[in-house]
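Here's the structure we're looking at; comments come further down.
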Amino acid sequence: MQKKHTPAMAIFGSSNWDIAVNCYPKVYETGKMIAQKGYTLIYGVGDVGMMGAAYSGARSAGGKVLGVTIPVLLKRQCADPKIFKKGELKLVKTLDERKKIMVTNADVILVAPGGWGTLDEIGTFGVRFKIGEWPERPVIFLNYNHYWDGFLKFMKQMVKDKAVRPNQMAFVGAIRSPKKLFKEIERVKKQIAKYKK
């Protein structure tokens with residue numbers, strides 16, 4: 001008998017509390033909504049910053065979580081590893097392995113406000129999708145408080161300047177309110193399908 005697929009969303013974002021001050025409530029609400037819709041939240045572990053906000057929101061709604069990280073970040077970003085139930089924490093050796101597990105086990109990827117690590121992760125999605133190593137799936141920027149405005153504009157400029165083809169941006173979506181998440185996911189799914197024809 002085939003095991004039933006449990007839908008999942010992976011979230012990437014800063015572990016820095018400074019960036020979380022203004023965006024925390026919306027990211028918390030996003031995590032809560034994900035759980036309420038029956039999705040497992042996959043995240044990079046930690047009870048701080050953007051990832052901590054999403055984790056707390058999902059937990060508040062009784063949602064399932066899967067934390068994926070490397071040992072050194074577990075020590076830095078998670079005050080108490082005992083918060084995880086059996087099967088909810090996966091330790092890997094490298095950040096590349098962490099990214100791969102998070103992305104390939106998710107139906108949707110969410111990008112919360114973040115810094116260098118988050119930018120690295122965004123680049124990885126684009127390259128892996130482009131060469132076909134990972135199947136494309138919606139990547140939704142949580143553009144809360146207009147955080148990603150400049151970056152989203154830059155991505156459009158890359159297409160305009162023909163550095164990136166339009167079909168290589170098909171997976172990108174963005175929202176400014178958690179309430180728009182599921183509508184935007186459906187829009188991006190259609191966009192991906194359109195370019196695959």
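Just to confirm my filter: which strands (runs of 3 or more DSSP E) fall fully inside the range 86-197 and include at least 3 residues that are at pLDDT below 95?
Details: elements: 89-91, 108-111, 139-142, 172-175.
In the range 86-197, 89-91 are the strands (runs of 3 or more DSSP E) which contain 3 or more residues that are at pLDDT below 95.
Which of the following residues is in contact (Cβ under 8 Å) with a residue 12 or more places away in the chain, aliphatic (A, V, I, L, M) and in contact with an Asp or Glu (Cβ under 7 Å, 6 or more places away or on another chain): ILE175, ILE185?
ILE175
Checking TYR28 against (1) in a helix (DSSP H, G or I); (2) under 20 Å from LEU95 (Cα atoms), which test does it fail?
The one condition TYR28 does not meet is (2).
Taking the range 84-132 as the region of interest, how many residues are farther than 10 Å from PHE12 by Cβ, in contact with a helix residue (DSSP H, G or I) (Cβ under 6 Å, 6 or more places away or on another chain) and of a type in the set (Lys, Arg)?
Summing the residues that are farther than 10 Å from PHE12 by Cβ, in contact with a helix residue (DSSP H, G or I) (Cβ under 6 Å, 6 or more places away or on another chain) and of a type in the set (Lys, Arg) in the range 84-132 gives 1.
The values are calculated or read from the model by the stated rules, or taken from the named source; none is laboratory data. All values derive from a computational prediction rather than experimental measurement. Backbone-built Cβ (ideal geometry, glycine too); neighbour counts: all protein chains shown.
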